[in-house]
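Okay, structure first, notes after.
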Amino acid sequence: MKPFEPDLIFFEPEALKYPLGEELYRRYKNSGIPVRMTTSHNRVTGIPGRTEAEKYRNAKRTLVVGVRKTLKFDTSKPSAEYALPLATGCMGHCHYCYLQTTMGNRPYIRVYVNLEEIFAAARKYILERAPEITRFEAACTSDPVGVEHITGSLKRAIEFMGGQELGRLRFVTKYSHVEPLLDADHRGHTHFRFSINADHVVKFFEPGTSPLRDRLEAAGKVARAGYPLGFIIAPLMIFDGWKEGYGRMLEELRDRLPRKRRRS
Ligand code: SF4
């Protein structure tokens, strides 16, 4: 499965003042993908579509490059203290995804370019809680691996957290495009998780995400890159042949992971 490419891109004028915003603008303005401006990433208008369903589908293929103005992070209990806002929205179409209701009227994919400001805010949260460890979750409102080939923000967040003695990062993904992250200087401070499910569930309930086999292969690479690694198997579904389906998934997972990482 190829990495996501948008059909339409909007930029906030403010985003062009940041190196990443400028770089993305330069990259896309002559790419053949239509580029437009929007006054705010919170109110994007002009996404085409004759019906609401068509507009929704087109919005999920629209990228919005903006500045994250709210630097007060949401809490993300119990698995982390705070949500790290790198992106909002996802190109996947998982039938059960909670983003479909929480982002119902703004389903487009927003990426934020003011990374230094976001990291400075994270540093403040870490200092406030010292000497306790502070954990940040980067997948509360998006799948950050799904847009990493566009922004490179997740790698920067991983390396930022690698340099924080008391900071930890975690995220979960259904995408297999992990190559840019494999050489990141993570220092064991990032917990990489894959969301996996039986092949049947991936095929019929998770359209627009990476096939199971690709996710498992990616997990093997991530394990070899030394990241702390975990898996989420959810939602568990009962379908004809579910026991065999989940059994095959677990066997394949075992076979893809390096032997020495299987018990860790
Ligand atoms: S990949 Fe995750 S965030 Fe994206 S649609 Fe599926 S469940 Fe939602």
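The values are calculated or read from the model by the stated rules, or taken from the named source; none is laboratory data. Computed from a prediction, not measured in an experiment: that's the story for all the values here. So basically every Cβ, Gly included, is an ideal-geometry build from the backbone, and we count neighbours across all protein chains shown.
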Review point. Can you name the condition, by its number, that D74 falls short on among (1) within 21 Å of S153 (Cα to Cα); (2) surrounded by 14 or more Cβ atoms within 10 Å (Cβ to Cβ)?
Key: (2)
**Study point:** Test: residue in region 105-116 that is in a loop (DSSP other than H, G, I, E, B), basic (K, R) and either within 15 Å of the ligand (Cβ to nearest atom) or over 15 Å from the mean Cα position of the chain (by Cα) (or both)
**Key:** yes
Review point. Do any residues in region 29-57 that are free of Cβ contacts under 8 Å to residues at least 60 places away in the same chain and among the basic types (K, R) have Cβ atoms under 6 Å from those of residues that are part of a strand (DSSP E or B) and surrounded by 12 or more Cβ atoms within 10 Å (Cβ to Cβ), where the two are at least six apart or on different chains, and which pairs are they?
Key: K29/V35; R36/F10
Exercise for review: Starting from residues that are in a loop (DSSP other than H, G, I, E, B) and in contact with a strand residue (DSSP E or B) (Cβ under 9 Å, 6 or more places away or on another chain), keep the ones in region 79-93 and report whichever is farthest from the ligand (Cβ to nearest atom).
Suggested key: E81
Practice item. Search region 10-51 for residues being of a type in the set (A, V, I, L, M, F, W, C) and in a loop (DSSP other than H, G, I, E, B), and hand back the single one that is nearest to V67 (Cα to Cα). Key: V44
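This table checks each residue for (1) within 22 Å of Q100 (Cα to Cα); (2) within 15 Å of the ligand (Cβ to nearest atom); (3) touching a residue at least 24 places away in the same chain (Cβ under 8 Å); (4) not hydrophobic (A, V, I, L, M, F, W, C).
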| site | (1), (2), (3), (4) |
| --- | --- |
| V178 | no, yes, yes, no |
| R187 | no, no, yes, yes |
| F194 | yes, yes, yes, no |
| D199 | no, no, yes, yes |
| K203 | yes, yes, no, yes |
| P207 | yes, yes, yes, yes |
| L216 | no, no, yes, no |
| I232 | yes, yes, yes, no |
| M237 | yes, yes, yes, no |
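So that you can scan it fast, the table gives a plain yes or no per residue for (1) crowded, with 17+ Cβ neighbours inside 10 Å; (2) out of contact with any Gly (no Cβ under 8 Å at 6 or more places or on another chain); (3) among the small types (G, A, S):
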site: V178; (1), (2), (3): yes, yes, no
site: L181; (1), (2), (3): yes, yes, no
site: D185; (1), (2), (3): no, no, no
site: F192; (1), (2), (3): yes, no, no
site: H200; (1), (2), (3): yes, no, no
site: T209; (1), (2), (3): yes, no, no
site: G230; (1), (2), (3): no, yes, yes
site: R254; (1), (2), (3): no, yes, no
Check your understanding: Counting only residues that are in contact with a Leu (Cβ under 9 Å, 6 or more places away or on another chain) and not polar (S, T, N, Q), how many does region 60-78 have?
Key -> 5
**Study point:** Every residue from region 124-134 that is surrounded by fewer than 20 Cβ atoms within 10 Å (Cβ to Cβ) and either within 30 Å of A218 (Cβ to Cβ) or of a type in the set (S, T, Y) (or both)
**Key:** Y125, I133
Check your understanding: Cβ-Cβ below 6 Å, separation at least six or inter-chain, first residue in region 110-125 and over 22 Å from L99 (Cβ atoms) and polar (S, T, N, Q), second buried (at least 16 other Cβ atoms within 10 Å of the Cβ) and at pLDDT 95 or above: which pairs?
Key -> N114/Y18; N114/V67; N114/R68
Review point. Just wondering, is there one or more residues in region 156-171 that are within 15 Å of the ligand (Cβ to nearest atom), closer than 22 Å to A122 by Cβ and either outside any helix (DSSP H, G or I) or of a type in the set (A, V, I, L, M) (or both)?
Key: yes
Review point. Just a yes or no: is a residue in region 221-237 more than 24 Å from the chain's Cα centre (by Cα) and among the aliphatic types (A, V, I, L, M)?
Key: no
Check your understanding: Hey, any hits in region 77-86 for a residue that's acidic (D, E), touching a residue at least 12 places away in the same chain (Cβ under 8 Å) and in contact with a Gly (Cβ under 8 Å, 6 or more places away or on another chain)?
Key -> no
Study note, to complete from the structure: The residue that is surrounded by the most Cβ atoms within 10 Å (Cβ to Cβ), considering only those in region 136-155 that are within 15 Å of G66 (Cα to Cα) and among the β-branched types (V, I, T), is V147
